[in-house]
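As C-alpha cells, the structure follows; a few thoughts come after it.
The values are calculated or read from the model by the stated rules, or taken from the named source; none is laboratory data. This one's a predicted model, so the numbers in the text were calculated from it and none came from an experiment. All Cβ positions, glycine included, derive from the backbone under ideal geometry; neighbour counts span all protein chains shown.
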Amino acid sequence: MTDRAAQFFRKAELQALIDELRRRDYNVVGPSIDQEAIVYTELTSVEQLPRGWTDEQAPGSYRLVRRDDDAWFGYVVGPHSWKKYLFPPRTKLLTVQKTEQGWSFLPAVLENTKTAMLGVRACELAAIAVQDRVFLGGPYKDRDYESRRKSLFLIAVNCTQAASTCFCTSMNTGPRCKSGFDLALTEIESGFLCEIGSDAGWDVLSACELQTATAEDLNEAESQRQRAVEMIERQMRTDDLPQLLLDNLNHPNWKAVGERCLSCTNCTMVCPTCFCSSVSEVRDLTTDQIDRERTWDSCFNPEFSYLGGTPVRNDTSARYRQWLTHKLGSWHEQFGTSGCVGCGRCITWCPVGIDLTAEVAAMREAPAP
Ligand code: SF4
Ligand code: SF4
C-alpha cells in the first residue's frame, strides 16, 4: 500500500462512510446507548451514536453522564466487546438429523456476513490480535472465527480520554491506534482526522468528501490524543509478571480474593480476549433434529473444571488464581502474548470491584515466603 497522508472530513461525512459500507454489503456495527450503557449494535445512521455522552468508570461502577460538548466518540469502552461478532456467545457447529438411512451429520454453514466495526479502540484492536492468535495461530484453526474474520473492515477511533480503570499504556496496547485497522479516526471539534491503514480503507473513503488536514487540525488531533495518555493513572508492571505469578501460587492473597469473589463470571464475559466455551447438544422436541452448539463459558464456573467426577478447581480462590495466572502468565507460553490488553472492563464490571492490577501489586509488595 502506498503511503497516504492523513485526511480530514467533516462529521456529517461519517454517514456517507456508513452508507458506502452498507452499499458494499457490510453489516456496520458500532456504539450506541442501550439500557444506560454504551454497547455495540448494528448502525444505519450516525444518529444512533452516543453523541454528547460519556462514561464514568471505577471498580464496580459504570454510569453514563452528559458531556459539556457534542462529541460523537467521547467515551471509553463499555460492557460489550467486539468478540461477540467474531466469537459469538452462541454458535451452531453441527446439525444431526434422523433420516430413513440413519443419522446424518451436517456441519453448520459458515457465517460469511461482511462486518464493518466502527469505533474500535486501540486496546480493542490489540484484543482482536490476541484472539487471532488463539483461534488462528496454531495448526488447528477455528473455521467459524476464520470465516467471520476474513471479511472484517475495521474503523478504529483513537481515544481522546481515559477511564480510571484503563491501563493500556502498561500493556503497550494504546491509547493510540498504530496498526491492524483499515481506517483510524481522531475526533476533533470540526470533524475527523483519518489515517488510512489499508487499500480497502482508502477505497471506501472515496465515498466521503475529503479535505487536506491543516496544521491546526493536526495539532488539535494530537493534543486530543495526548489528553487520553495523560488521563491514564492506573499502572501495572509487566516485565516479570509470569514469573511473579508462578512464584506465588500459594500466596495468602488468593484466599483473600476468593472470599470477596462471587464467581459470577462477569469479568470473563466482558473481557475482550477470554475465549472459554462449552459444547452442548440441543434437541428440538418437535423434530428429529439435534443441534450441536458452542456457547461462552467461564473458568469461574465450577463445572468448567469438572474432571474425573469432581471439579478440579473446587473453590473460588482456585478459580480466580486460574483466571489471573492464565491471563497474565501462562498465556505468554501458550500464545506468545499477554491475555490482557488493559481495557479495564473486568475492573469496572466486577460487582465487588476486584481489580487485577491491585491483586498483582499486593503480591508484588508482599511475595509469598
Ligand atoms: S483481563 Fe480485564 S483489563 Fe485485561 S483485557 Fe480482560 S477485561 Fe480487559
Ligand atoms: S472477580 Fe469479580 S467479576 Fe470476576 S467472577 Fe469474581 S466477582 Fe465476578
Residue 367 vs. criteria away from ligand 2 (no atom under 15 Å from the Cβ), in contact with a helix residue (DSSP H, G or I) (Cβ under 9 Å, 6 or more places away or on another chain) and at pLDDT below 95: yes
Matching option when the condition is in contact with a Phe, Trp or Tyr (Cβ under 9 Å, 6 or more places away or on another chain) and not small (Gly, Ala, Ser), among 351, 242: 242
Breaking point among (1) within 30 Å of residue 151 (Cβ to Cβ); (2) surrounded by fewer than 22 Cβ atoms within 10 Å (Cβ to Cβ), for residue 175: (2)
Matching entry among 200, 126 (being in contact (Cβ under 8 Å) with a residue 40 or more places away in the chain, over 18 Å from the mean Cα position of the chain (by Cα) and either part of a helix (DSSP H, G or I) or not assigned by TED's automatic domain parsing to the domain that holds residue 55 (or both)): 200
Residue check for residue 325: away from ligand 2 (no atom under 13 Å from the Cβ), in contact (Cβ under 8 Å) with a residue 60 or more places away in the chain and surrounded by 17 or more Cβ atoms within 10 Å (Cβ to Cβ): yes
Residue check, residue 116 in contact with a Leu (Cβ under 7 Å, 6 or more places away or on another chain), among the aliphatic types (A, V, I, L, M) and either in a helix (DSSP H, G or I) or under 30 Å from residue 45 (Cβ atoms) (or both): yes
Restricting the stretch 155-172 to residues that are assigned to a strand (DSSP E or B) and buried (at least 24 other Cβ atoms within 10 Å of the Cβ), the residue that is nearest to ligand 2 (Cβ to nearest atom): 156
Any helices (runs of 4 or more DSSP H) falling wholly within the stretch 212-322 and containing at least 3 residues that are within 14 Å of ligand 1 (Cβ to nearest atom) and surrounded by 14 or more Cβ atoms within 10 Å (Cβ to Cβ): 266-270
Some residue of the stretch 350-369 being under 22 Å from residue 139 (Cα atoms) and not in a loop (DSSP other than H, G, I, E, B): no
Selection within the stretch 329-349 - assigned to a loop (DSSP other than H, G, I, E, B), among the polar types (S, T, N, Q) and buried (at least 20 other Cβ atoms within 10 Å of the Cβ): 338
Residue among 86, 43, 49 that is touching a residue at least 24 places away in the same chain (Cβ under 8 Å), in contact with a Lys or Arg (Cβ under 7 Å, 6 or more places away or on another chain), surrounded by 12 or more Cβ atoms within 10 Å (Cβ to Cβ) and closer than 30 Å to residue 113 by Cα: 86
From the options 315, 297, 355, residue that is within 16 Å of residue 167 (Cβ to Cβ) and within 16 Å of ligand 2 (Cβ to nearest atom): 355
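Yes/no matrix, rows are residues, columns are (1) of a type in the set (A, V, I, L, M, F, W, C); (2) away from ligand 2 (no atom under 16 Å from the Cβ); (3) closer than 24 Å to residue 278 by Cα:
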| site | (1), (2), (3) |
| --- | --- |
| 78 | no, no, no |
| 84 | no, yes, yes |
| 89 | no, yes, yes |
| 100 | no, yes, no |
| 109 | yes, yes, yes |
| 115 | no, yes, no |
| 118 | yes, yes, no |
| 123 | yes, yes, no |
| 130 | yes, yes, yes |
All positions within the stretch 260-285 that are within 11 Å of ligand 2 (Cβ to nearest atom) and among the charged types (D, E, K, R): 260
